[in-house]
Amino acid sequence: MTKGDILENYRIHKVYKITADVFRKGFAAYQKKFVYPKSYLLMAVFFILALNFVYGAVNAPDNYFAYIMIVLCLALMIREWFNPRKLRRVMTDAVRELEQEYKFVLADDYVEFSTIQREYVENFPENQGDNIPEENDSDDSTKLSTIQRENVENSHENQGGNVSEENSNDDSTELSTIQRGDVENSQDFENVPPSKITLDNLQILEYDDFFLFLNGKIMFYIVPKSVFSDSELNIIRNISTGGK
């Protein structure tokens, strides 16, 4: 049975959230497969180097360079042990704080992952202004006018009264450019393209609470098994085993 036969009549579409506990386990599984082997290898190398410098320090107690290198090797060993765990803790805290929603799509020959962006409040200044009483509007306008007049007077005093409309127009143009840039950046943020992986390049690892989808050694995606039905779980398992 081929992958195409498995998915001929199926298409899975799920919206899900990842709990901090599931993400922590998933990230630990990814690190165990790709990060820890390299870290343990480097720790072994630094340990051997430290033993070598210890031997040199014993034979030559006045060799202060050996002591420095011993401390350096021990520090590098601790760093290789500590950094992956620190990164996992920081990433888990970020997931816990964001509570982001994600989308999973399984098609005939690819799988797709995307982030569901939170909706922006449209016409924010107008909506915000609707909740402000007119009396406050007039008071705020009076205060603003007073501040503006004071700023103009101060600028006249500092610049000898040479305040031109050209400078004012330049400031307005600059502000408009910044505002347009903010809007464009927000639109880019909203239109982040999904990550699409062909089934030929996809590796799936199954654990007790989640699936770990891997695209090479860099990109990985964690999907809780609780979002799938029994039949959907079987489809994913068949893909991970190549339909065997």
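Derivation of every value follows stated rules applied to the coordinates shown; laboratory data play no part. These numbers were taken from a predicted model, which means no experiment stands behind them. Because the Cβ atoms are built from the backbone with ideal geometry, glycine has one as well, and the counts that use them run over all protein chains shown.
A few points about this structure:
- Around SER229: net Lys/Arg minus Asp/Glu count, Cβ-Cβ under 14 Å: +2
- TYR67 versus LYS217: modelled label distance in nm, points set 7 Å from Cα along the beta carbon direction: 3.9 nm
- Theoretical gain in end-to-end length, LEU87 to GLN203 [0.36 nm per residue, Cα-Cα removed]: 39.4 nm
- Taking θ as phi - 60° and the Karplus parameters 6.51, -1.76 and 1.60, the scalar couplings of segment 92-106 work out to 5, 4, 5, 5, 4, 6, 6, 6, 7, 9, 10, 10, 10, 10, 10 Hz in sequence order, x denoting glycine and proline.
- Of LYS14/LYS86; LYS103/LYS225; LYS38/LYS217, pairs whose Cα-Cα distance is over 24 Å: LYS14/LYS86
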